[in-house]
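Student: Quick one: the structure is below, and I'll ask about it shortly.
The values are calculated or read from the model by the stated rules, or taken from the named source; none is laboratory data. Everything numeric here is computed off the predicted structure, so don't read it as measured data. Quick reminder, even Gly has a Cβ in these numbers, built from the backbone with ideal geometry, and neighbours come from all protein chains shown. These accessible areas exclude ligands, DNA and RNA; they are computed on the full protein's heavy atoms, side chains included. Shrake-Rupley method; radii C 1.70, N 1.55, O 1.52, S 1.80 Å.
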Amino acid sequence: MKKQNIIAAAVGGVLLSSAAVSMAATELVIATVNNGHMIEMQKLTNHFEEANPDITVKWVTLEEGVLRQRMTTDIATKGGQFDIMTIGMYEVPIWGEKGWLKELSFDESYDTEDLLPAIRDGLSVDGKLYAAPFYGESSMLMYRTDLVEKAGMTMPEQPTWDHVADVAAKIHDPDNGVYGICLRGKPGWGDNMALLSTMVNTFGGQWFDMDWKPQLETQPWHDAISFYVDLMDKYGPPGSSGNSFNEILALYNEGKCGMWLDATIAASFVSDPSQSKVADKVAFAQAPTKVTPKGANWLWAWTLAVPVTTTHSDEATRFIEWATSKDYIELVGEELGWGKVPTGTRASTYENPKFREAAVFADAEFKAISSADPTDSTLNESPYVGVQFASIPEFQSIGIAVGQQMSAALAGQTSVDKALKNSQRSADREMRRSGYY
Amino acid sequence: MSFAQKSKSATVIRSSVAWLIALVMFFPILFLTVTAFKTELQAIAVPSVWFFEPTLENFTEVQERSDYLHYAWNSVLTSVMSTLLGLLIAIPAAFSFAFTPTRRTKDILMWMLSTKMMPAVGALVPIYVLSQKTGLLDTRFALIIIFTMMNLPIMVWMLYSAFKDIPHEIFEAARMDGAGLWEEFRHVLLPLGMGGIASTGLLCLVLAWNEAFWVLNLTSSQAGTLASLVASYSSPEGLFWAKLSAVSVLAIAPIVVFGWFSQKQLVQGLTFGAVK
Amino acid sequence: MSDAGLKSRLVPRLLLAPAVSTLLLWMIVPLAMTVYFSFIRYNLMRPDVTGSAGWMNYEFFITNPAFGDAVFNTLLLLGSTVLVTVVFGLLIALLINDPFPGRALVRVLLISPFFVMPTVNALLWKHMMMNPIYGVLAQVWTFFGWTPIDWMTDFPLGSIIIMISWQWLPFAVLIFVTALQSMDREQLEASELDGATYLQQLRYLYLPHMARAISVVVMIEVIFLLSVFAEIFVTTAGGPGTASTNLAFLIFTEALLNFDVGAASAGAVFAIILANIVAIFLIRMIGKNLEN
Amino acid sequence: MAFLSLNNVDKFYGDLHAIKSVNLAIEQGEFVVFVGPSGCGKSTLLRMIAGLETIDGGTLMLGGNDITHVIPSKRDLAMVFQSYALYPHMSVEDNMSFALRLAGEDKAVIAKKVAEAAEKLDLEPYLKRTPRALSGGQRQRVAIGRAIVRQPKVFLFDEPLSNLDAALRGQTRVEIARLHRELGATTVYVTHDQVEAMTLADRVVVLRAGHIEQVGTPLELYDAPVNKFVAQFIGMPQMNLIKTDGINGVPAGAVEAGVRTEHMQITDEGNARIKGTVELIESLGNETLIHVRPDGADSHEMPLIARQYSRSELNMGARVGLGWDDSQAHYFNTQGENLRITA
């Protein structure tokens, strides 16, 4: 920390604690998701507050689903409860377009060019940046080297789904508590549908055609979902239809999963010996493909944005600049360890030797994120932006409804055909209600 | 078989079964508490670990991340204040219902209760917009009002049932003795209705403490209660069972312990007039 | 002239006024807004789309494929939980009615779940009890050599009924125990002399005596359980499919996942109507027991 | 002018005319008892005097003041309730002193008055106890004590003895009579027990269906009931009622004859007015009640009873005749009016 900052902090401290508290600090209220990176940021906030004595930061931590509801309600009703919102890649373009978010412009030193292009594009509307990425992720396949080896198999850098199924069959050993493959099944557009969308993409399908007609009853959807249900029936753990990231992470760390396709962020957990019993036996591959490599792995980022309803937009921007800067990444690396730095946002992170040394997954993750393209992720042309989602307001409810159907199909409560038929019907219903056609 | 013999062997069986049921019912809470002292890996271990070196790590983590006392204080403040405010409104109403019933008394009571049957989420947007327009978003005041209104029907009904059991004639005697409305309240209704008032208050305290929906939707940084603290620990990325247990224990412990100590009072008036 | 007659009618009304007026306000303002919203196009995500919607929101809500299931699940959830808590509540209350060693402690343990926050209840059961792999129930099942049940998948509504029953059973027990204490001893002794078996005593003495208490438990539980939400939200999110979607949850999906305030309001209006139907039904059925 | 007077007092419960234009004048120091069957309005009337029920028509005067619409506590009355209505959370002392404390009476005065009342009622050992720790009779005395300490203009008693057992009832009755003698206070007393009415009252008011049937001293009522209702209500066992058709020498217009049991004479069958069979003989020692079923009477009709103060030689099933002295009989017309009094 620089000398004058310390002095400034000291002076600020004295001023604040003196009887005349006339110079009340600006209080920034930040709504955020309760994931690891954000929680670490809360612990490091005092660095920001020391450097900016005129600002205090209040955190409101919420679970992802609740956060999304709160943010939307607040911004749509102009509630103005928050100065900074943590929002996902899905919301940014929609909200930015509606004029609900302030455009972000940073100093030269922030180095906007350093942000990964796929991510930066996903957060911009008409070239204007509406949110700064805090961490980004793609999906990749994690597998147990010991099990694959024992089965006499190998795992290419980018396997096909058929190969994955073969491997799963070989290593599936439920009597010893090992399941061939663990995949998300819990309903939700950000849960099972994130995975399934990428599967459908690589099977050659898409959410909507160029006329915005839902495509859920097309062959690629049918193939992809049938393949998924079949795979999980045979080689998945029980209770898959309730599993999402956390549930599977727990299973994987207990050594119960042979393979797991999920967010790249998982890599840092499964390779952490303090959390994982199999930390030294994991390896990473790119997300499996089928007919096309397009859209086989998803792209997601949690970002910080400033709602137009705030009265402290300058201070808010200052905080975001700090929280998504190279310096912050450096700070996390130094304070908490390089294995814990937020990844997936800046090219410079992946060039940092300290990070590369600490993160065994660095290469695979960088490759996955770099290969994703939200504007071109389907075999045939599609009208929407987003790999595992379509960046339109209606997608959320469609995604949830379809997710429910898929989870019912996985649970065996309905057939794949029927689930897709129901899905198509409810998607069609939503699109019609919104007047797309 | 003689009655004495029968009762002796029966008592042994009966008490064992009762103990078994009680332990089964309590087991989840016990398990939650034990998990709070485990490490994350121990928390998901199969079979469950019962003998381990307890760690306070989860609790320190919770306190480090969020100011527990802030949330706890909000919980205490909102639940106590809403209960007091509710009693203030409900006692006169129940008094009136109990001692000067009209043909419409039952209807009004039923109407009051029916206001509770509407799903809260249906009124979310109206309430949200109203709170926002009145500047009450994220204030403890808004929560107090909402908790009060939420519990008011139950309060009126409980108090009405309790007051109805007080003999009319005692009030008449007091009236003959020169008691005005206030003296009737102060010297007859309050002392004689105390059992009912206490249990009504206790129940509403518990209900307000445990309310989550409005807390989650109307508060952000200032007015959040323990219910919102718990919500901030549910399903993040990564293993969280032990931390979730710790925060859950912290959130429910005050009210559960409070419930244990006050259960006698609670039982007294929790009858809703069900006991003749 | 102070008119005692007028005064005696006025005072009770004055005492009622705060409760009635605040509740009216509390009910009517949001209700009016809800009804209004239900007739306009109002989606939080599409502030540009406005104007009257006629009955479209209602049509949209009722034609939702999940609607039928939601109504059915709401009633099933309500009915089953009430049944479970009343039956087991009575049994447990009878069991602990007479003194035995440690009864006070047993009572404390028994009532504890009632104080647990519904969200904590749901998280606890979902993660620690019912998880098919490391949940306690799975371990018990494995211990007996059975295949662990995948609760949330195979019995989503059943799982929620278990959680809610766990929470409300103590309430029923509390009320039943209190009611049992006023049971007439002499009546029981007389029936014993008449040669009544325990079952006959249950049928002809205990049950009639408990009728009022049962009515109260049913009434209170109906009030709270018609709009169960937290447990479903936290555990199954209404799934798989619509297997555990109730009306409150369906309204939630419209309001906070689709942000379709219009349709959600229509749903809320429908829920109010349903609640009132249930209330009327309930008053018919058990209202008599609550008189006096 | 009377001390306490009810002038055309009315009470309505919705459409029900519960008290119908009641007029009654009560003198200072008088002990007046309201009797009547349950539901006759006697308690309602008492509660109207107390101010616990509104008076819907007419006026109520006390000591020359109109108190029709005055609130209970300002009427200067004290009431003893059937259930005693003691404050369960207060000690006996506090129960008795409550009214005085509310009135802001001086502490020393209160203590003195309570002590006096307690002495009169033998309650001194119990002053610190709560009502729960007292017997029924003691509670009853506390209730009376509570009334006494206030030294009201009028005492009101609402069936005060009905919760006591028979022996205690008799004892307390005597005590109330003694207290009345000592205090000389105006008292209105409601009961359905005619023995209480007869033994306590200076005057008895017989009520039926919301109006007064007759007012008079106990003996006036006994000897000269204005109608069949009063005649039957007063006196134990009830007055015999005999249909007069086929009986010689009854006044014109009479449909029923009323003969008190002690005036019913057992005679030979020969030329008796009524012939019948002895059905039951109750020997009570000092008196004997002979139940006779007249010939031709249905088995569900009340038998006629003759009371003798000597032991009877009769056996059950014996054939007897019944007769009475016309000067001691009452004759009632179709309206039930006593011809001897109205004529």
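Student: Filter the range D:83-110 down to residues that are among the polar types (S, T, N, Q) and in a helix (DSSP H, G or I) and give me whichever is nearest to B:Ala173 (Cα to Cα).
Tutor: If we take residues in the range D:83-110 being among the polar types (S, T, N, Q) and in a helix (DSSP H, G or I), then D:Asn95 is nearest to B:Ala173 (Cα to Cα).
Student: Residues that are in contact (Cβ under 8 Å) with a residue 24 or more places away in the chain and either buried (at least 23 other Cβ atoms within 10 Å of the Cβ) or of a type in the set (D, E, K, R) (or both), at least 1 per element: which helices (runs of 4 or more DSSP H) completely within the range B:125-235 meet that?
Tutor: Working: elements: B:140-164, B:168-176, B:190-210, B:213-218, B:226-231.
In the range B:125-235, the matching helices (runs of 4 or more DSSP H) lie at B:140-164, B:190-210, B:213-218, B:226-231.
Student: Here's something else I'd like to know. Only one of (1) within 7 Å of chain B (Cβ to nearest Cβ); (2) within 25 Å of the chain's Cα centre (by Cα); (3) outside any helix (DSSP H, G or I) is not met by C:Asn131, so which one is it?
Tutor: Evaluating C:Asn131 over (1) within 7 Å of chain B (Cβ to nearest Cβ); (2) within 25 Å of the chain's Cα centre (by Cα); (3) outside any helix (DSSP H, G or I) leaves (1) as the failure.
Student: May I ask you to list the residues in the range A:289-305 that are out of contact with any Phe, Trp or Tyr (no Cβ under 9 Å at 6 or more places or on another chain) and either surrounded by fewer than 24 Cβ atoms within 10 Å (Cβ to Cβ) or over 17 Å from A:Val200 (Cβ atoms) (or both)?
Tutor: Within the range A:289-305, A:Pro293, A:Lys294 qualify.
Student: I'd like to verify a number: residues in the range B:236-251 that are within 7 Å of another protein chain (Cβ to nearest Cβ) and open to solvent by 10 Å² or more (accessible area, probe 1.4 Å), how many?
Tutor: 3
Student: Still on this structure, I have one more. Could you please find all residues in the range D:30-39 being crowded, with 23+ Cβ neighbours inside 10 Å and either within 13 Å of another protein chain (Cβ to nearest Cβ) or part of a loop (DSSP other than H, G, I, E, B) (or both)? Reasoning before the result, please.
Tutor: Just the residues of the range D:30-39 that are crowded, with 23+ Cβ neighbours inside 10 Å, to begin with: D:32-36.
Scanning the range D:30-39 gives a single hit, D:Gly36.
Student: Restricting to the range A:397-423, and then to whatever is of a type in the set (Val, Ile, Thr) and in contact (Cβ under 8 Å) with a residue 12 or more places away in the chain, can you tell me which residue is surrounded by the fewest Cβ atoms within 10 Å (Cβ to Cβ)?
Tutor: Step one: list which residues in the range A:397-423 are of a type in the set (Val, Ile, Thr), which gives A:398, A:400, A:402, A:414, A:416.
From what's left, in contact (Cβ under 8 Å) with a residue 12 or more places away in the chain: A:398, A:400, A:402, A:416.
Values: A:Ile398: 26, A:Ile400: 24, A:Val402: 29, A:Val416: 21.
Filtering the range A:397-423 for residues that are of a type in the set (Val, Ile, Thr) and in contact (Cβ under 8 Å) with a residue 12 or more places away in the chain, the one surrounded by the fewest Cβ atoms within 10 Å (Cβ to Cβ) comes out as A:Val416.
Student: Further question on the same structure: Would you be able to say whether some residue in the range D:162-175 is more than 24 Å from D:Val109 (Cα to Cα) and β-branched (Val, Ile, Thr)?
Tutor: Yes, the range D:162-175 contains a residue that is more than 24 Å from D:Val109 (Cα to Cα) and β-branched (Val, Ile, Thr).
Student: Related question: Any idea which of A:Asp83, A:Asp54 is surrounded by 23 or more Cβ atoms within 10 Å (Cβ to Cβ), away from chain C (no Cβ under 12 Å) and among the charged types (D, E, K, R)?
Tutor: None of the others qualify; the one that does is A:Asp83.
Student: Could you say which residue among B:Lys106, B:Lys38 is surrounded by 23 or more Cβ atoms within 10 Å (Cβ to Cβ) and more than 24 Å from the chain's Cα centre (by Cα)?
Tutor: That would be B:Lys38, the only listed residue that is surrounded by 23 or more Cβ atoms within 10 Å (Cβ to Cβ) and more than 24 Å from the chain's Cα centre (by Cα).
Student: For residues that are facing chain A (nearest Cβ under 9 Å) and without any contact (Cβ under 8 Å) to a residue 12 or more places away in the chain, scanning just the range C:134-162, find the one that is farthest from C:Val84 (Cα to Cα).
Tutor: Result: C:Tyr134.
One line per residue, one yes/no per condition, for (1) among the basic types (Lys, Arg); (2) modelled with pLDDT of 90 or more:
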{"site": "A:Leu62", "(1), (2)": "no, no"}
{"site": "A:Arg68", "(1), (2)": "yes, no"}
{"site": "A:Val92", "(1), (2)": "no, yes"}
{"site": "A:Phe106", "(1), (2)": "no, no"}
{"site": "A:Asp114", "(1), (2)": "no, yes"}
{"site": "A:Gly122", "(1), (2)": "no, no"}
{"site": "A:Val125", "(1), (2)": "no, no"}
{"site": "A:Ala132", "(1), (2)": "no, yes"}
{"site": "A:Tyr135", "(1), (2)": "no, no"}
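Student: In the range A:347-405, which residues are within 15 Å of A:Leu115 (Cα to Cα) and of a type in the set (Val, Ile, Thr)?
Tutor: Hits for the range A:347-405 are A:Thr349, A:Ile369.
Student: To continue, here is another question. What residue, of D:Asp56, D:Asp158, is closer than 26 Å to D:Asn23 by Cβ and buried (at least 22 other Cβ atoms within 10 Å of the Cβ)?
Tutor: Working: D:Asp56 fails: buried (at least 22 other Cβ atoms within 10 Å of the Cβ).
Among D:Asp56, D:Asp158, only D:Asp158 is closer than 26 Å to D:Asn23 by Cβ and buried (at least 22 other Cβ atoms within 10 Å of the Cβ).
Student: What tally of residues in the range C:37-57 results from selecting those that are more than 12 Å from chain A (Cβ to nearest Cβ), hydroxyl-bearing (Ser, Thr, Tyr) and under 24 Å from A:Ile94 (Cα atoms)?
Tutor: 1
Student: Further question: Can you tell me which of (1) within 14 Å of chain C (Cβ to nearest Cβ); (2) touching a residue at least 40 places away in the same chain (Cβ under 8 Å) is the one A:Asp272 doesn't meet?
Tutor: (1)
Student: Now, a different point. I'd like to check something: does the range C:69-83 contain any residue that is within 13 Å of chain A (Cβ to nearest Cβ), under 30 Å from C:Asn276 (Cα atoms) and open to solvent by 20 Å² or more (accessible area, probe 1.4 Å)? I'd like the intermediate steps shown before the answer.
Tutor: To start, the set of residues in the range C:69-83 that are within 13 Å of chain A (Cβ to nearest Cβ) comprises C:69-70.
Remaining after also requiring under 30 Å from C:Asn276 (Cα atoms): C:69-70.
Next, only the ones that are open to solvent by 20 Å² or more (accessible area, probe 1.4 Å) stay: C:69.
Checked against the condition, which is being within 13 Å of chain A (Cβ to nearest Cβ), under 30 Å from C:Asn276 (Cα atoms) and open to solvent by 20 Å² or more (accessible area, probe 1.4 Å), the range C:69-83 yields at least one hit.
Student: Could you tell me how many of the residues in the range B:43-59 are buried (at least 19 other Cβ atoms within 10 Å of the Cβ) and within 11 Å of chain C (Cβ to nearest Cβ)?
Tutor: Going through the range B:43-59 one residue at a time, the tally reaches 2.
Student: Follow-up question, since we're still on this one. Can you work out which of the residues in the range C:43-59 that are modelled with pLDDT of 85 or more and open to solvent by less than 60 Å² (accessible area, probe 1.4 Å) is nearest to A:Ala427 (Cα to Cα)?
Tutor: C:Asn57
Student: Quickly run through the range C:23-42 and pick out the residues that are modelled with pLDDT of 85 or more and part of a helix (DSSP H, G or I).
Tutor: Result: C:Ala32, C:Met33, C:Thr34, C:Val35, C:Tyr36, C:Phe37, C:Ser38.
Student: Quick check on A:Gly96: is it within 30 Å of A:Asp327 (Cβ to Cβ) and touching a strand residue (DSSP E or B) at 6+ places or on another chain (Cβ under 8 Å)?
Tutor: So A:Gly96 fits the description; yes.
Student: Any residue that is part of a helix (DSSP H, G or I) and under 24 Å from D:Arg75 (Cα atoms) - is there at least one of those in the range D:125-141?
Tutor: Checked against the condition, which is being part of a helix (DSSP H, G or I) and under 24 Å from D:Arg75 (Cα atoms), the range D:125-141 yields at least one hit.
Student: Still on this model: Only one of D:Ala117, D:Ala147 is open to solvent by less than 10 Å² (accessible area, probe 1.4 Å), under 15 Å from D:Tyr87 (Cβ atoms), in a helix (DSSP H, G or I) and in contact (Cβ under 8 Å) with a residue 12 or more places away in the chain; which? I'd like the intermediate steps shown before the answer.
Tutor: Values: D:Ala117 fails: under 15 Å from D:Tyr87 (Cβ atoms).
From the options D:Ala117, D:Ala147, the qualifying one is D:Ala147.
Student: Which of the residues belonging to the range A:57-80 are more than 13 Å from chain C (Cβ to nearest Cβ), in contact (Cβ under 8 Å) with a residue 40 or more places away in the chain and surrounded by fewer than 20 Cβ atoms within 10 Å (Cβ to Cβ)?
Tutor: Residue satisfying the conditions is A:Gly80 alone.
Student: Going through B:Trp73, B:Trp19, B:Trp111 one at a time, which residue ends up being within 7 Å of chain C (Cβ to nearest Cβ), in a helix (DSSP H, G or I) and surrounded by fewer than 20 Cβ atoms within 10 Å (Cβ to Cβ)?
Tutor: After ruling out the rest, the residue left standing is B:Trp19.
Student: Kindly indicate the residue of the range C:175-188 that is at the interface with another protein chain (Cβ under 7 Å from one of its Cβ atoms) and open to solvent by less than 10 Å² (accessible area, probe 1.4 Å) and also farthest from C:Lys126 (Cα to Cα) among those meeting that condition.
Tutor: Initially, the range C:175-188 is screened for residues at the interface with another protein chain (Cβ under 7 Å from one of its Cβ atoms), giving C:175, C:178-179, C:182.
Okay, now just the ones that are also open to solvent by less than 10 Å² (accessible area, probe 1.4 Å), so C:175, C:179.
Working: C:Ile175: 28, C:Ala179: 34 Å.
If we take residues in the range C:175-188 being at the interface with another protein chain (Cβ under 7 Å from one of its Cβ atoms) and open to solvent by less than 10 Å² (accessible area, probe 1.4 Å), then C:Ala179 is farthest from C:Lys126 (Cα to Cα).
Student: Would you mind stating whether A:Asp230 is away from chain C (no Cβ under 14 Å), surrounded by fewer than 19 Cβ atoms within 10 Å (Cβ to Cβ), part of a helix (DSSP H, G or I) and of a type in the set (Asp, Glu)?
Tutor: Yes: the conditions hold for A:Asp230.
Student: Out of everything in the range A:424-437 that is touching a residue at least 12 places away in the same chain (Cβ under 8 Å) and not in a helix (DSSP H, G or I), what residue ends up being farthest from the other protein chains (Cβ to nearest Cβ)?
Tutor: My answer is A:Tyr437.
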